[in-house]
Amino acid sequence: MNILIKVPLVAGCAITLVDVLIILLLYNPSGSMQRLRYFEYFVMALVLGVTICFSIQLSYIEGASVGEVFKGYLPSSAIVQAQGYDLHKSRLLN
């Protein structure tokens with residue numbers, strides 16, 4: 001959340017806590033699940049909104065085809081190969 005809307009880590013944890021508490025309050029094992037379903041639809045709409053915004057941001061990329069952009073999200077063997085670079089000896093980890 002910090003990347004999207006500059007929410008600090010503690011505030012993000014508090015938002016998650018409130019989210020879980022709402023789910024627990026709306027859950028009624030012996031009754032109707034309708035209120036919980038409405039909350040699930042709300043969360044689904046938020047995820048859909050993030051997906052749409054992400055797709056719009058991807059459309060702004062210039063100089064690469066759509067296939068090349070999405071190929072960047074696929075795992076490749078370059079991730080697991082050392083290629084002469086030892087991460088454990090890197091000064092970044094010190």
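The values are calculated or read from the model by the stated rules, or taken from the named source; none is laboratory data. On a predicted model such as this, the values are computed, not experimentally measured, just so you know. Virtual Cβ from ideal backbone geometry, glycine too; neighbours counted across all protein chains shown.
Filter the stretch 20-42 down to the residues that are out of contact with any helix residue (DSSP H, G or I) (no Cβ under 8 Å at 6 or more places or on another chain) and in a helix (DSSP H, G or I) and list them by number.
20, 21, 24, 25, 34, 37, 38, 40, 41, 42
Mind checking which residues of the stretch 51-79 are out of contact with any helix residue (DSSP H, G or I) (no Cβ under 7 Å at 6 or more places or on another chain), of a type outside the set (Gly, Ala, Ser) and either touching a residue at least 12 places away in the same chain (Cβ under 8 Å) or part of a loop (DSSP other than H, G, I, E, B) (or both)? Steps first, please.
In the first step, residues of the stretch 51-79 are kept if they are out of contact with any helix residue (DSSP H, G or I) (no Cβ under 7 Å at 6 or more places or on another chain); the result is 51-57, 59-60, 62-68, 70-79.
Among the residues that remain, those that are also of a type outside the set (Gly, Ala, Ser) are: 51-54, 56-57, 60, 62, 66, 68, 70-71, 73-75, 79.
Once the filter is applied, which keeps residues that are out of contact with any helix residue (DSSP H, G or I) (no Cβ under 7 Å at 6 or more places or on another chain), of a type outside the set (Gly, Ala, Ser) and either touching a residue at least 12 places away in the same chain (Cβ under 8 Å) or part of a loop (DSSP other than H, G, I, E, B) (or both), the stretch 51-79 yields 60, 62, 73, 74, 75.
Quick one: is residue 50 at pLDDT 65 or above and surrounded by 10 or more Cβ atoms within 10 Å (Cβ to Cβ)?
Answer is yes for this residue.
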